[in-house]
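Report on the structure given below.
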Amino acid sequence: ETNFFNENVLCVSPVLLAGQWGQCVGEECGSGGVQTRTIWCVHMEGWTTHHSYCQHMDKPESQRHCFKVCEWHQDLFAWDVSDWGACVLIPFFSNELKLRTAECVTAQHGIQRRKVQCVRTSNRTAVTSKICEFFSQKPAVEQACLIPCPQDCVVSDFTSWSVCSKTCGAGLQHRTRHVLATPMYGGANCPNLTQTRICSGLGACPAGESEHQYSLKVGPWSECRLPHHKGVLFSGRTTVDFNSSSKEKNTVKRHTQAAHHHDQPLSWELEVGYQTRQVRCTRSDGKNAMLSLCTQDKSPLTFQACVMPKDCETSDWSSWSPCSKTCRASDLSPGYRLRTRIMTQIPVGGGRGCPALEEKEACNIIGDLLPNCPRYVWRTTDWGECRIAPLLSQQDRRLANISILCGGGIQTRETYCVQVPDDLAPHYRKEVSRPVSVKLCAGGEPPPAVQHCSVPCQPHRPLSPWSPWGACLHDNCEEPQGRKGFRQRRRQVLWEPSGPADSCPQLVESIPCEDPACYLWQVQPEDQCIPATGSCGPGTTSRNVTCVNTEGEEVPSSLCVDDPPPTVVPCEAACPGDCVIGPWSSWSSCSHSCATKNAEGRQSRRRSVLALPGQGKECPAAPALEEWRVCNDHPCMVFYWEASAWGPCIEDNSMSLNGTGLWNGTTTCAVGVQIRKVNCMKMNAGQVISKRCPDSARPDTVRPCLLPCRRDCIVTPFSEWTACPSSCMPANTTVATQSRYRTVIQRPANGGQECPDTLYEERECEPLPVCPVYRWKTHKWHSCSLVPESIRQGLAGPGKLVEMDGDLANMTECLRWAAAPPPQIRRCRVACKDDCTLSAWSRFSECGGCGGARSRRRSLTGRSKKKERCLDEALYPLAETEACPCDEFLSQPFGNWSTCILPDPSAPGSLQGWTDRRAVKECGQGLRYKAVACIDQQGHLVDPTLCTDSGYVVEVCHVPCPLDCKLSDWSAWSACSASCGSGLKIRSKWLREKAFNGGRPCPKLDLKNQVYEAMPCHSECSQYEWRTEPWSICTINTVDELPACGEGVQSRKIRSVRGAAGGGASSVDDSLCEQEEMPPRAQVCFLPCPEHCVTAPWGPWSTCPQPCDLSTTRNRTRHVLRLPASEDLACPELVQSEPCVLNSTCFTYQHRVSEWSTCQLSENAICGQGSRSRLLDCARSDGKVVELKMCEQFGLINKLRLSGSCVVDCPVSCLLSDWSPWAECSHTCGSQGHTVRSRRILQDAHEEGRPCPTHLTQTKPCPIRPCYTWLLSNWSPCTVEGADCGEGLRRRNLTCVVHWGDRPESPSARPVQEELCGDKLWQQSQQELELPCFVPCPGDCHLTEWSSWSSCQLTCLEGRSFETTGRQARSRAVVIQVMENQDSCPHQVFETQPCKGGKCHSYQWRTGGWSDNERAVWCQRSDGVNVTGGCFPQNRPTTVRHCHPPCTKPFSHCTPSGVCGCEKGYTEVMTTHGFLDYCTRTPGADNKKADVKTNSGRLKPGPSQAQDFFNEWTLRPVGPDGRLKLWVYGVTAVGFILILFIIALSFLVWYVYCFLRGFLYAPFHCLPSIKNPWLVTCIV
């Protein structure tokens, strides 16, 4: 503050404020960095101003030097973050934790913290946080969390009250409850678990009876200590010496030197000591009394002998075993290593038990320096040969010739497991590795062991029909030789199948001929005859002559050897009156296809007379109208080349090949050749000389081929030798063996190296030392040792030596190799003066056999015979009986039969290497097994070998063989589905037998249980045709002999023939031909007169343009053969036209195909690659099938596919692996054991293959061996020896029992000799057989026994758990027997333990019924248990209800709704204000059939007399006294009858009125009558 003007004015100057330092920046990292911050001037009121208003002498620095952190420093520093701490409640007022119990709904807010610091990565030392903040933001050190709401302690209901502590006088009763859930998260503590009350109703105690009870109370036994004899001059301990010879008497020695520690002791020293306890007499009020009041004439036991405790001793730790993790695996789990030690001293006398004899620790946790673990992968052998026989059914297998089968099949291979290094090089196909156990590859899916394959079949080649015989040609038209030639006809393969072909049928057939000519002159048709002079007479006609080859193609004229025919030939044009003859017809078909000695081929042509001549002129004779010529004059000898199948590919050194490969992917090494034989064959005769066949058509006899490389046999290296036993071998055992094997992964081929003969090797293991034999040797018991002061009870220890081959051995070896040590200690007694004396036991009597018993006896001696207590045989038995030993056993079959097990066909020692998978027999005779229980005479289970050799009852069984589906043979082919053109023909099989017992199923059958096969077929459309002869001469009916001319009739013969080439067609019945297509037998003709014009026959119709259209026409023409004699006689028309009408004069054509055939296989194939086909037809638009050339003439190109490949799925049967070896028994003993073997599916069934069995495992019972187990009995009640109360012991026994493997505590368990269960001393050292306990004396305040553990409970919210581990609790309550002792009572205790499988519990208030306005209210858990605690106190229902005002009326009570009501049998009468006025008895309250009515009074009775008078006469059915008023009911009835009478009378009057006025009556209506329809209707 500065005073500028006067003292009354104060000026406040602004101040300078500094911001946070920024990051350290600089050009280079290191100490040359600079940090800056902002400085600003701030007025006191909060606004900033100019820097000039602030005093600069106090200005903070805005810049400073710093160390700039480099980027590479990031690798040197890191944030070190600890785990989050526990969630704690947020502190409230005064830093206290205020638990919001009433406000908490679901959870409480909490906070958890963690420690965050910046550290060096090298040594984890802390540095300033600013370094790490340069790279990344500092992680959060706090975060919010939730704590469940406080949970109060939950306890159970109280038990019932105990009996009174006294039978007279003042006693106490108590009842207890136990803790179900302990308080958590600040919940309320547990209430008192005990309630105590004074017994009531007990009478006073009789006079003279003591008011108090006295009890002998003992304390706990002291530790066992050695006795100190007064007469002994030296100090030491008493021991039993066992080192002397067995022949000498054992003596007790005193040793003064300290005991030596032997790592491997030769004997164990036992020391006998004593222990004491305090004894006092207590009164029931808790005070001590004189001991004589409790002991009377019997002195209490305060001393007893004991064995000095010896702790368990062990040897030193062995060295650590190698780490189980020797390589780096992907799971990053650590390895472990073990070390062990052995016990050298058994604990004796309650000494400290043995510590852990095995220690395990983690090793190679990170494993960065370890090599990578080896990987195990599946490898496979080469595929075996393709086999088809496994695909055959039982029916086909009997009928098929397996050697010629082809098509689809299956091939198999073996799989084996190998180890591959981590840095695996690229895997080549023939890389081999050493096989290992298949268990190492169990994690990966093995590669398939079966695949489909195919054996090539001889392909089916569909052939076209033979072409007509060609002209006689030279064998080689390029070099014609001689006058011998050949006429040939050909056919072609319609489509080439896939795959190589070994042979092909002949495609060319030849016939020898003479005068061959490769080129011929072709003459075109003649033109019209042109007369030389005039219009008729001799003239000439020209024709076109060209040289063509055999294909009809034009070639140079020089190639035709003969002289060309003349191009101009003479002719004659008919003059009027001349005979006119028509042109020659085409040559008929040849009558024979070849010439024989007896017949030759002939064909003819004809022409007819078109017009008769005039007078003086004649027509040629009839023979001149027909010509014949010889055809097909070659002999009937057909020759063809026949080629055999190609031979094998053999090596040809003249050829070489580099870098080639076969189509199947195998590499090749050389080019070879294939050779076949080619012979000239004569049809139907056999082989002839090669000259008879044309050399140009000779097939090749040699072709190149590719030779595959030689394949040597490849085998894996031998596997590792199987392990040999590493420990010693028992005596009289055979020498163990070890084996190894290798697998053939590639068989030799093409002359490669053969496989080795040895694939399996076996050898004996190196001999091991025989296991040493140790046994315990015991000596006679030492004399009974007593405690000083002549304590009657004592202990004695047996002398014991260990011996091996007559020499002493150390105890450690006996513990390791020998059986359980015999007992070292037994209780004994030194006889006192007053003791009963008995003679020694006699020998057992002779046994009478199995099932009998033997006995022995003893007798009392001396004065004992007269003592009464010695005569009690319960205390001193004089006879003993035991069962006689018996070697007879009972064999009893047990359990169910196993499945029928077939004998294993594999020989022992067979390998899983390269094997040919034969069909394993899955049916037939086998064996089934049932376990046998062997039982002795006492009913004890014994070793089964005592009854049977194998432990089984074996029975022959049969597995039914599967029966495959059987179909019939193929039926005959049906007729073609199309009568004309292409169709399908079908044959079928039908079902004969269904599959049974898992046989091969039937193929897909139709509704008729049939399967069919379809093939394409073709029916000839012109199979039967009409054959016509030439027309006869036109006949004219004339009456004179003048030359006939004009219109006439001509006829011809028609017959039905079977369509055939040549003239030898046979006649058939006319009904076989289409009657609609029958040609006319007669027609009208016109025979021109001599002076008329004569024309040639009509030519063919021209073709209609496509598509057919009525606007287009077709034409045909003819020309004039003879001009008319006069110009007045005109010639007929020479051109004729008609419209193109669809399906009448015009037709369209298209290709049509038949349906596809079924997939056709080779004759010797059952599945695999096949083909399907369909046929092509040319169909006319009217649906008629015509020849294919009709479609070709119209230029139609077939784009429809007529063949295609297809596949018939192979019926692959299920293929299984071999049975695995029988597994270990599931139980080592008992009747529940079973062994299992299994197999896996290598190939699932496909199509009609035999299906896989449903069961891939087989189970067999194991031999029933007895289970010997140490059984712990239950804890005995707390017993105090020699006293009434105080410190005692609970004991339990260890018993060796034999059982059937279910439970040792089952009723079937029987005790047996302890030697059968093993080392009892070791078992006792591992079990707690004694527990200290306390028996309260009368009047003692004590704790109850622990309650049982409560059910496992989770911390939950709305039914969802906060945790996975729950808690359960138990408690001990305090019992007060005398009120005077309550100050010395202990506190109640409870404890919890974690548990699993807990449940979420909810709590809800429950209420009982009201009784005297009170009801019970309790809290119930969701599982129905009534508890205290758990329910919210704020929601507790009320237990008492109240009404305002109070219910003081007679027979009234307070209802649940809070208002007064009447008791049952009374009716409430209410005031106008709604309060209860009084309760009146309900009429007929005693009669259950009476009605109960409730009247609510509106008028409260007043005190005036008038009101009393009217009240007396009010229509109340019940009086104030509750009696029924009968006169009220009578008045009501009379009034009701009077009302009815008035209503009836009014209706009658109205009816009379309407009738008189002419209206018909209707209720409330006036309707017009029939007599007066004009009246208006009145309707209400």
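Just a few scattered comments:
- Residue within segment 162-172 that is without any contact (Cβ under 8 Å) to a residue 40 or more places away in the chain and β-branched (Val, Ile, Thr) present: yes
- Pairs linking a residue in segment 754-771 that is in contact (Cβ under 8 Å) with a residue 12 or more places away in the chain to a residue that is basic (Lys, Arg), with Cβ atoms under 6 Å and 6 or more positions apart or on different chains, are Leu759/Arg742; Glu761/Arg740.
- Taking first residues from segment 436-451 that are assigned to a strand (DSSP E or B) and partners that are open to solvent by less than 30 Å² (accessible area, probe 1.4 Å), the Cβ contacts under 6 Å between residues at least 6 apart in sequence or on separate chains come to Val436/Cys417; Val450/Ile410; Val450/Leu1242.
- Boolean, Pro1304 is modelled with pLDDT of 85 or more and open to solvent by 30 Å² or more (accessible area, probe 1.4 Å): no
- Summed over segment 31-83, the residues that are open to solvent by 100 Å² or more (accessible area, probe 1.4 Å), part of a strand (DSSP E or B) and polar (S, T, N, Q) give a count of 1.
- Tally, over segment 986-1022, of residues that are among the aliphatic types (A, V, I, L, M) and either within 21 Å of Asp1244 (Cα to Cα) or surrounded by fewer than 13 Cβ atoms within 10 Å (Cβ to Cβ) (or both): 2
- Selection within segment 260-282 - modelled with pLDDT of 75 or more, assigned to a loop (DSSP other than H, G, I, E, B) and within 19 Å of Gln824 (Cβ to Cβ): Leu270
- Selection count, segment 588-605, where residues are farther than 15 Å from Trp469 by Cβ and hydrophobic (A, V, I, L, M, F, W, C): 1
- Pairs where the first residue, in segment 410-421, is closer than 18 Å to Leu1216 by Cβ and modelled with pLDDT of 85 or more and the second is among the charged types (D, E, K, R) and surrounded by fewer than 19 Cβ atoms within 10 Å (Cβ to Cβ), C-beta under 7 Å, 6+ apart: Ile410/Arg387; Gln411/Glu385; Gln411/Arg387; Arg413/Asp382
Yes/no per residue for (1) assigned to a strand (DSSP E or B); (2) open to solvent by 30 Å² or more (accessible area, probe 1.4 Å); (3) more than 30 Å from Gln419 (Cβ to Cβ); (4) in contact with an Asp or Glu (Cβ under 6 Å, 6 or more places away or on another chain):
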{"position": "Ser299", "(1), (2), (3), (4)": "no, yes, yes, no"}
{"position": "Ala305", "(1), (2), (3), (4)": "yes, no, yes, no"}
{"position": "Gly353", "(1), (2), (3), (4)": "no, yes, yes, no"}
{"position": "Tyr376", "(1), (2), (3), (4)": "yes, yes, no, no"}
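- Check on Gln1150, on the phi < 0 side of the Ramachandran plot, touching a residue at least 40 places away in the same chain (Cβ under 8 Å), open to solvent by 50 Å² or more (accessible area, probe 1.4 Å) and more than 51 Å from the chain's Cα centre (by Cα): yes
- Tallying residues that are under 19 Å from Trp1349 (Cβ atoms), out of contact with any Pro (no Cβ under 8 Å at 6 or more places or on another chain) and not hydroxyl-bearing (Ser, Thr, Tyr) within segment 146-168 yields 2.
- Considering segment 1246-1363, the qualifying strands (runs of 3 or more DSSP E), each wholly inside and each with 3 or more residues that are charged (D, E, K, R), run over 1285-1291.
- Subset of segment 1118-1141 (residues that are outside any loop (DSSP other than H, G, I, E, B) and either at pLDDT below 90 or touching a Leu at 6+ places or on another chain (Cβ under 6 Å) (or both)): Val1120, Leu1121, Arg1122, Pro1139
- Among the residues listed as Ser1226, Ser1231, the single one being of a type in the set (S, T, N, Q) and open to solvent by less than 30 Å² (accessible area, probe 1.4 Å): Ser1231
- Test: residue in segment 359-373 that is more than 36 Å from the chain's Cα centre (by Cα), assigned to a loop (DSSP other than H, G, I, E, B) and closer than 30 Å to Glu993 by Cβ: no
- The set of residues in segment 164-186 that are in contact with a Cys (Cβ under 9 Å, 6 or more places away or on another chain), of a type outside the set (A, V, I, L, M, F, W, C) and at pLDDT 85 or above comprises Gln173, Thr182, Pro183.
- Residue list for segment 307-336, filter: of a type outside the set (D, E, K, R), part of a strand (DSSP E or B) and more than 52 Å from the chain's Cα centre (by Cα): Val307
- Unmet criterion (only one of (1) among the charged types (D, E, K, R); (2) surrounded by fewer than 16 Cβ atoms within 10 Å (Cβ to Cβ); (3) touching a Pro at 6+ places or on another chain (Cβ under 8 Å)) for Lys677: (3)
- Just one of the numbered conditions (1) surrounded by fewer than 16 Cβ atoms within 10 Å (Cβ to Cβ); (2) closer than 24 Å to Gln1327 by Cα is not true of Thr344: (1).
- Residues that are farther than 19 Å from Cys406 by Cα and either surrounded by fewer than 17 Cβ atoms within 10 Å (Cβ to Cβ) or touching a Phe, Trp or Tyr at 6+ places or on another chain (Cβ under 7 Å) (or both) within segment 1159-1175 comprise just one, Arg1174.
- Residues (part of a loop (DSSP other than H, G, I, E, B), open to solvent by 80 Å² or more (accessible area, probe 1.4 Å) and in contact with a strand residue (DSSP E or B) (Cβ under 9 Å, 6 or more places away or on another chain)) located in segment 452-471: Pro456, Gln458, His460, Pro468
- Members of segment 506-552 that are free of Cβ contacts under 8 Å to residues at least 60 places away in the same chain and hydroxyl-bearing (Ser, Thr, Tyr): Tyr519, Thr533, Thr540, Thr541, Ser542, Thr546
- Complete set of residues in segment 1346-1374 that are among the basic types (Lys, Arg) and at pLDDT 85 or above: Arg1367, Arg1370, Arg1372
- Segment 376-400 residues that are under 30 Å from Lys439 (Cβ atoms), paired with ones that are at pLDDT 75 or above and assigned to a helix (DSSP H, G or I) (beta carbon under 6 Å, 6 or more apart): Tyr376/Leu440; Tyr376/Cys441; Trp378/Cys441
- Number of residues in segment 960-982 that are open to solvent by 40 Å² or more (accessible area, probe 1.4 Å), closer than 16 Å to Pro1251 by Cα and hydrophobic (A, V, I, L, M, F, W, C) equals 2.
- Only listed residue being farther than 30 Å from Glu1380 by Cα and in a loop (DSSP other than H, G, I, E, B), chosen from Ser165, Ser160, Ser122: Ser122
- Tally, over segment 1338-1368, of residues that are open to solvent by less than 30 Å² (accessible area, probe 1.4 Å), out of contact with any Asp or Glu (no Cβ under 7 Å at 6 or more places or on another chain) and either over 17 Å from Arg175 (Cα atoms) or of a type in the set (Ser, Thr, Tyr) (or both): 5
The values are calculated or read from the model by the stated rules, or taken from the named source; none is laboratory data. Keep in mind it's a predicted model, so treat the numbers as computed, not measured. Cβ coordinates were reconstructed from backbone atoms using ideal geometry, including for glycine residues, and neighbour counts include every protein chain displayed. Areas reflect the complete protein model, heavy atoms only, side chains present, ligands, DNA and RNA absent. Shrake-Rupley method; radii C 1.70, N 1.55, O 1.52, S 1.80 Å.
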